[in-house]
1. Please state which of the following conditions LYS194 fails to meet, knowing it meets all the rest: (1) in contact (Cβ under 8 Å) with a residue 60 or more places away in the chain; (2) open to solvent by less than 60 Å² (accessible area, probe 1.4 Å).
2. Anything in segment 1-28 that is assigned to a loop (DSSP other than H, G, I, E, B), over 19 Å from VAL64 (Cα atoms) and either of a type in the set (A, V, I, L, M) or touching a strand residue (DSSP E or B) at 6+ places or on another chain (Cβ under 7 Å) (or both)? List them, or say none.
3. Output the number of residues of segment 137-164 satisfying the condition of being part of a strand (DSSP E or B) and open to solvent by less than 50 Å² (accessible area, probe 1.4 Å).
4. Counting only residues that are basic (Lys, Arg) and at pLDDT 95 or above, how many does segment 139-153 have?
5. For the list (1) open to solvent by 70 Å² or more (accessible area, probe 1.4 Å); (2) in contact (Cβ under 8 Å) with a residue 24 or more places away in the chain, I need the number of the one condition that ALA49 fails.
6. Being under 16 Å from the mean Cα position of the chain (by Cα) and open to solvent by 50 Å² or more (accessible area, probe 1.4 Å) narrows it down to one of LEU89, LEU119, so name that one.
7. Identify all residues within segment 29-58 that are over 30 Å from GLU100 (Cβ atoms), touching a helix residue (DSSP H, G or I) at 6+ places or on another chain (Cβ under 7 Å) and not in a loop (DSSP other than H, G, I, E, B); write none if there are none.
8. Given the criteria modelled with pLDDT of 90 or more and in contact with a Ser or Thr (Cβ under 8 Å, 6 or more places away or on another chain), does MET62 qualify?
Amino acid sequence: FLQRLYDHLSALKPARTLDNLSEDDEEILKSLFLLTAKPVIYTANISEADMGKDETDLPLVMKVKEYAKQENAEYMVICAKTEEELSSLSPEEQEMFLSELGLKESGLDRLVKTSYRLLGLISYLTAGEKEVRAWTIKQGTKAPQAAGKIHSDFEKGFIRAEIVDYDVLVELGSFNAAKEKGKVRAEGKDYVIKDGDVVLFRFNV
């Protein structure tokens, strides 16, 4: 495998484009910490005049897209000028500005989501009277290990996770209101945390 990898790199190809890898190959590759094995996102910066156009009408964007595909990398399109203008606005003004441009979210939000997907990450939330906080975990993490992200005692003494969907919590206004409506579910140690779960951990140590 190392000889095959060496030949691949010598041909000026990034390690992430090496295909037909066995599980053992992937473990070896991971242990080498090669820069070209790291996930990559290419961003094509377009002018304000090109915003809203179909990608196929933008030849340079299509070149970036094709290059990213050959490198087994992600790509996205942003307008840095628009992002700069957005950064100086309040959240309410940002929403209005994006609406005027016919966009649902900013390039920065899309970049964060793409990065999370590429790295296999998700976020879950904890919400109390003092603060609401997001916790970043690997996709596929089970409830006790997610609890351990907050504190090791939470994982050691894990009893259950009480969970409500984010959209439901926003709609009903509070965790207690969601509980009264039967929208909070109790999950055990085998539950896999989902992106956007709002969680209350029950534990005992």
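1. (2)
2. If we filter segment 1-28 for residues that are assigned to a loop (DSSP other than H, G, I, E, B), which is where we start, we get 1, 11-14, 18-22.
Still in the list and also over 19 Å from VAL64 (Cα atoms): 1, 11, 18-22.
The answer is ALA11, LEU18, LEU21.
3. Residues of segment 137-164 that are part of a strand (DSSP E or B), as a first pass: 137-138, 142, 158-164.
Filter again for open to solvent by less than 50 Å² (accessible area, probe 1.4 Å), leaving 137, 158, 161-164.
Looking only at that region, the number is 6.
4. Selection size over segment 139-153: 1.
5. Failing condition for ALA49: (2).
6. Details: LEU89 fails: under 16 Å from the mean Cα position of the chain (by Cα).
Criteria check complete, one pass: LEU119.
7. Residues of segment 29-58 that are over 30 Å from GLU100 (Cβ atoms), as a first pass: 29-40.
Of the ones still in play, those that are also touching a helix residue (DSSP H, G or I) at 6+ places or on another chain (Cβ under 7 Å) are 29, 34, 36-37, 39.
The answer is LEU29, THR36, ALA37.
8. Values: modelled with pLDDT of 90 or more: yes; in contact with a Ser or Thr (Cβ under 8 Å, 6 or more places away or on another chain): yes.
In short, yes.
The values are calculated or read from the model by the stated rules, or taken from the named source; none is laboratory data. Treat the numbers as computed from the prediction; the structure is a model and nothing was measured. Positions of Cβ are backbone-derived with ideal geometry, glycine not excepted, and every protein chain shown enters the neighbour counts. Please note that ligands, DNA and RNA were not included when accessible areas were found on the heavy atoms of the full protein model with its side chains. Shrake-Rupley method; radii C 1.70, N 1.55, O 1.52, S 1.80 Å.
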